[in-house]
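Below: the structure, in structure tokens.
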Amino acid sequence: MSGLHVEGVGVSYGELAVLENLDLVVQRSEVVVLLGPSGSGKTTLLRVVAGLRRPDSGRIRWGGEDLTDIAVHRRGVGLVFQDNALFPHRDVEQNVAFGLRVAGVPTSSRIRQVAEMLSLVGLDGFAARSVDALSGGETQRVALARALAPGPRLLLLDEPFGSLDRVLRDRLVGEVGGLLRSLGQTALHVTHDRDEAFAIADRIAVLGKGRIERIGTPTELWAEPGTVHVARCLGHQNLIELDSGGRCALGRLHEGAGTVLVHGDRVVIGPSGDGRGPVGTVVESVFRGEITLVRVRVGNLVIGVPSTERVDVGSEVAVVLEPGAVVPLD
Amino acid sequence: MVALVPVTFLTAFFVYPITSILWRGATADIGALLESFGKPTFVRIVWFTIWQAVASTALTVVIALPACHLLALHRFRGRSALRAATTVPFVLPTVVVGGAFTALFDRLGLDGGAFRVHHTIWAVLLAHVFFNVAVVIRTVGSFWEGMGIGPEEQARTLGASSWQALRWVTLPRLGPALASAASIVFLFCLTSFGVILILGGPTMATLETEVWRHAVLRGDLPSATALAVVQLVAVVAAVAVTNRLQRRLVVPRRQQAGRLPKPDRRLLAANLAGLGLLIGLPVAVLLERSLSINGGYSFRNYSALADRVDLLPVSSLVALSNSLLFATLATGLAVLVGGLTSVVVVHGRHWTSRLLDLGMTLPLGASAVTLGFGMLIALDEPPLDLRSSRWLVPVAHALVGVPFVMRILVPTLRSVDARLREAAAVLGASPTRVRMEVDLPIAWRGLLVGAGFAFAVSIGEFGATSFLPRSPDRLTAPLALFRLLGTPGEALRGQAMALAVVLMGITACAVLAIERVRGPIRGGL
């Protein structure tokens with residue numbers, strides 16, 4: 001029994017139960033991403049694990065050790081906030097050194113470790129900078145270095161890239177993912193951005209109704225989200241309601257009523273008139289670089305299909321579902 | 001535990017004297033007392049006290065707004081110098097302001113004849129505006145700077161004229177800051193003492209001046225008590241309103257919206273001329289007057305400060321050194337008490353923090369005069385007989401200074417982002433360590449700024465000191481100045497002006513030091 005064990009944690013704010021009887025395990029050296037919409041309790045869970053908030057019920061364990069009653073400063077966890085919680089009255093070096101200094105690490109080895117950390121996050125030569133003079137990306141790098149410096153057994157990241165622009169975010173996400181893996185760092189990472197989750201996670205845990213609704217590797221979850229909520233969180237678009245006969249405008253997709261997911265990448269569009277499938281009208285065609293996202297209206301449905309060719313709006317196409325395109329959801 | 005020191009201090013030197021006033025008032029039948037010195041007189045005093053404060057407040061806000069606009073939204077050479085210059089009047093001792101305006105009226109021939117201003121309400125209003133412009137510039141200006149001009153630009157792109165944008169967008173947005181600033185100015189004017197005594201002349205009567213005249217000049221303690229009780233009630237009400245308005249005021253953080261534009265030439269010129277006339281002229285005339293003697297100019301008025309005149313028990317120079325000593329002691333006390341209280345207010349349990357917050361703000365309003373009078377009647381007999389203690393004056397000054405320390409320190413401590421403490425805790429810092437490593441370094445500047453204010457306040461303190469038993473060798477400089485100003489005669493006038501300039505110099509140094517240290521700290525006067 002190693003790694004982080006969250007057992008039956010419940011937290012309420014007054015009447016509102018944010019977390020209910022939540023269980024989660026993060027194995028050693030594993031990066032788990034908590035994915036969920038805003039207000040789903042992701043940050044609350046992170047604060048409970050860090051020890052910044054006491055759970056109303058349940059335990060937090062590391063290996064065999066019960067952390068629930070251990071004060072935050074004795075837990076040996078690292079935490080990176082969404083935006084700039086750097087100490088404004090200290091320079092970059094002093095910020096990164098803080099945890100080491102508090103732990104009583106002697107000055108000489110402290111300086112060495114800080115330099116190593118800064119070089120690890122790509123900020124060589126930034127030691128003497130004032131934290132006011134940093135860009136958004138640099139700020140988050142310093143925050144990461146500060147959290148990693150004392151060698152926490154568990155690193156918690158609370159939407160650390162949330163305030164950065166898209167391009168910077170993609171680059172930093174990739175770098176941090178690689179860094180965590182190379183360090184073998186156990187980490188619990190919170191985000192509402194599925195691309196970030198895909199890029200960084202060993203496993204993704206989707207939060208819903210105060211619990212972990214589903215947990216699995218990115219590919220597992222993408223292929224079979226299991227529930228409508230999880231499918232939405234992962235950014236699936238083609239969620240289709242079926243009638244009692246399991247039918248919709250695309251034909252009979254399942255045995256009975258319910259919602260199914262149609263994987264757009266298993267849908268092929270071709271010239272109409274060859275009779276291979278139902279015919280629809282292209283209502284939108286958005287060029288996305290590598291692919292073009294095409295939306296086709298078939299009867300009362302609109303279905304999104306990634307296409308490698310550009311298709312004109314208004315043209316008629318046949319929509320063909322390949323095997324495995326349809327996945328039933330709860 | 002931490003709360004013990006400030007609570008003891010506050011109880012002994014503030015609560016006890018104030019309760020003494022109330023106790024005497026309650027046991028002496030206020031109704032009969034008020035009857036005894038005539039109901040119409042009493043109503044006249046109360047009415048005048050309130051309307052002069054209202055008029056002063058309105059004038060101050062109107063006159064300060066253009067300067068707020070200039071300083072908040074523009075960048076130009078000398079901006080911080082101008083800001084500092086507007087702050088100087090606020091911390092100038094009342095007696096110095098009295099002296100400056102006396103000199104001004106004297107030089108402009110406004111102290112008599114058809115255009116007499118000296119010893120009229122106009123003199124008082126003018127001096128109140130002079131004093132309080134800084135309050136409005138600080139409060140409204142920093143709010144304005146923080147809230148930015150995004151919505152105004154929106155309004156302009158939607159077709160609003162600059163006047164309409166001001167009327168419909170800016171003023172409503174400034175509302176909370178205007179209300180807060182006005183309430184503070186009103187409070188200051190309501191408790192104005194030295195200015196009215198010196199510039200209003202012997203017949204102008206507010207609650208403050210009458211408490212002093214009855215208690216100190218006539219030795220009529222019962223009447224003074226009755227007036228003090230009324231004043232206390234009025235001030236507590238005003239403080240409650242001020243606190244409410246202040247609590248609602250959240251100074252927005254400045255959005256990074258690029259650099260500020262340069263001001264329009266005419267705006268800059270008009271502002272400089274206006275502020276120059278209002279602030280610069282009295283100060284300049286005071287300087288000129290202090291150097292002039294028998295139609296020529298020399299430093300003889302200054303060298304005369306070392307000579308004892310019949311009017312005073314010691315020379316002005318001795319009074320100055322007394323003042324410096326008292327101010328140093330008072331600053332130490334105020335920083336100790338105010339610092340501890342601030343920590344309790346920000347981090348203490350709910351009810352203790354609320355209680356101390358209110359308790360410590362009261363001396364700011366509960367008027368130096370009321371405080372001095374309370375100490376006069378309470379601390380001259382056992383259990384606390386401090387009549388002859390050299391600590392009496394510093395303690396009174398510290399009480400007046402503590403709210404200033406807190407006004408700076410509490411917001412600074414509050415502004416420490418909770419996540420910084422959390423970050424420190426997660427990194428392994430114990431709660432005590434978090435205080436030392438996060439709160440203290442961030443609040444350090446605030447503490448220095450507060451100390452500077454406490455010092456400046458003590459150096460010029462007049463209201464409370466004017467009640468305290470005066471062993472001749474404990475005369476403070478403001479008291480000496482007041483007596484010099486109240487006596488006619490060219491030589492004494494010249495010496496008074498020189499003394500006023502020295503006091504002004506000391507306070508100006510304190511303010512400049514504050515401005516240097518202050519840096520990014522905003523808000524809270």
Checklist entry - Hey, what angle do you get for helix A:136-148 against the long axis of chain A, alpha-carbon based, 0 to 90 degrees rounded to 10? => result 60
Checklist entry - If the viscosity is 0.890 mPa s and the temperature 25 °C, what Stokes-Einstein diffusion coefficient in µm²/s follows for region B:137-214 when Rh is the Kirkwood radius over Cα pairs? => result 160
Item to check | Crossing angle, helix A:107-120 versus chain A [Cα axis fit, 0-90 degrees, rounded to tens] | outcome: 20
Checklist entry - According to the square roots a ≥ b ≥ c of the eigenvalues of the Cα gyration tensor, what is the shape class of region A:280-330, taking rounded for a/c under 1.5, prolate for a/b larger than b/c otherwise, and oblate for the remainder? => result oblate
Checklist outcome for this item: Within chain A, the percent of DSSP beta bridges that are antiparallel, given to the nearest 5, stands at 75
Item to check | Scaled radius of gyration (Cα, divided by 2.2 N^0.38 Å) that region B:286-363 gives | outcome: 1.89
Next on the checklist: Tell me the angle of helix A:92-102 to the major Cα principal axis of chain A, expressed in degrees between 0 and 90 and rounded to the nearest ten.
Outcome noted: 70
Next on the checklist: Can you order the peptides B:198-208, A:131-141 by their average number of other Cβ atoms within 10 Å per residue, highest first?
Outcome noted: B:198-208, A:131-141
Checklist outcome for this item: Mean 1/r over distinct Cα pairs of chain A, inverted to a Kirkwood Rh in Å, yields 22.2
Item to check | Inter-part distance where region A:157-196 and region B:78-125 are each reduced to a Cα centre, Å | outcome: 62
Checklist outcome for this item: Counting only DSSP beta bridges fully inside the protein assembly as shown, the antiparallel percentage to nearest 5 is 75
Next on the checklist: Roughly how far apart, in whole Å, are the Cα centres of region A:17-67 and region B:418-466?
Outcome noted: 35
Next on the checklist: Could you work out how much longer the chain between B:T120 and B:L267 gets when fully extended? Use 0.36 nm per residue separation minus the Cα distance between them, nm to one decimal.
Outcome noted: 49.7 nm
Checklist entry - Please state the relative contact order of chain B as a whole percent: Cα pairs under 8 Å, 6+ residues apart? => result 24
Next on the checklist: Please give the Cα centre distance for region A:270-301 versus region B:292-325, rounded to the nearest Å.
Outcome noted: 97
Item to check | Per residue Cα convex hull volume in Å³ - calculated over region B:52-192 | outcome: 129
Checklist entry - Where does the charge balance sit around B:N243 when Lys and Arg score +1, Asp and Glu -1, over other residues with C-beta under 14 Å from its C-beta? => result +4
Item to check | Stokes-Einstein D (µm²/s) once Rh is taken as the Kirkwood radius of region B:188-314 over alpha-carbon pairs, at 4 °C in 1.567 mPa s | outcome: 64
Item to check | DSSP H segments from chain B that extend 20 Å or more along their own axis, Cα-based, with Kyte-Doolittle mean of 1.0 or above | outcome: B:39-73, B:94-108, B:121-147, B:171-190, B:221-248, B:316-347, B:392-415, B:440-460, B:490-518
Checklist outcome for this item: With A:E65 itself left out, Lys, Arg at +1 and Asp, Glu at -1 over residues whose Cβ is under 14 Å from its Cβ give +3
Checklist entry - How are the C-alpha pair distances of region A:29-125 spread across 5 Å bins, as whole percents from the shortest bin up? => result 2, 10, 16, 19, 18, 16, 13, 5, 1, 0
Item to check | Three-way shape call for region A:79-139 based on the alpha-carbon gyration tensor, with the a/c threshold at 1.5 | outcome: prolate
Item to check | Shielding by partners - mean other protein chain Cβ count within 10 Å, residues of B:428-439 | outcome: 4
Item to check | Gyration tensor verdict on region A:188-330 (Cα atoms; rounded if a/c is under 1.5, prolate if a/b is larger than b/c, oblate otherwise) | outcome: oblate
Item to check | Radius 12 Å from Cβ of A:G8, net charge of other residues (Lys, Arg +1; Asp, Glu -1) | outcome: -1
Checklist entry - What value, in deg cm²/dmol to 500, does the helix sum -39500 (n - 2.57) over DSSP H runs of n ≥ 4 give at 222 nm once divided by the residues of chain B? => result -23000 deg cm²/dmol
Checklist entry - Given 37 °C and 0.692 mPa s, how large is the Stokes-Einstein diffusion coefficient of region A:65-173 in µm²/s, with Rh as the Kirkwood radius over Cα pairs? => result 229
Checklist entry - Over region A:180-330, what relative contact order in percent results from Cα pairs under 8 Å that are six or more residues apart? => result 20
Checklist entry - Once you have the alpha carbon radius of gyration of region A:183-237, what is it after dividing by 2.2 N^0.38 Å, with N set to its residue count? => result 1.08
Item to check | Computed E for A:D243/A:V302 - FRET, C-beta separation, R0 25 angstrom, nearest 0.05 | outcome: 0.90
Checklist entry - What is the calculated FRET efficiency for B:S415 to B:H350, with r their C-beta to C-beta distance and R₀ = 22 Å, to the nearest 0.05? => result 0.65
Next on the checklist: From the gyration tensor of the Cα coordinates in region A:1-60, what semi-axes in whole Å does the equivalent ellipsoid have, largest first, with each one equal to sqrt(5λ)?
Outcome noted: 20, 13, 9
Item to check | Percentage, to the nearest whole number, of Cα pairs in the protein assembly as shown over 43 Å apart | outcome: 49
Checklist entry - In deg cm²/dmol and to the nearest 500, what is the mean residue ellipticity at 222 nm of chain A if only DSSP H runs of at least 4 residues count, each as -39500 (n - 2.57), divided by the residue total? => result -7500 deg cm²/dmol
Next on the checklist: Defining a contact as two alpha carbons under 8 Å apart and six or more residues distant in sequence, what relative contact order in percent does chain A show?
Outcome noted: 17
Checklist entry - Amide H to amide H, which residues 5 or more places from A:V105 or on other chains are under 5 Å from it, using H placed in the peptide plane? => result none
Checklist entry - How big is Rg to Rh over chain B, alpha-carbon atoms, Rh as the Kirkwood inverse-mean-distance radius? => result 0.97
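Read-outs throughout are calculated quantities, based only on the coordinates presented, and are distinct from any laboratory measurement. The shown structure was predicted, so the numbers you read here are calculated from the model rather than taken from an experiment. For neighbour counting, all protein chains shown are included, and Cβ atoms are generated from backbone atoms with ideal geometry for every residue, glycine included.
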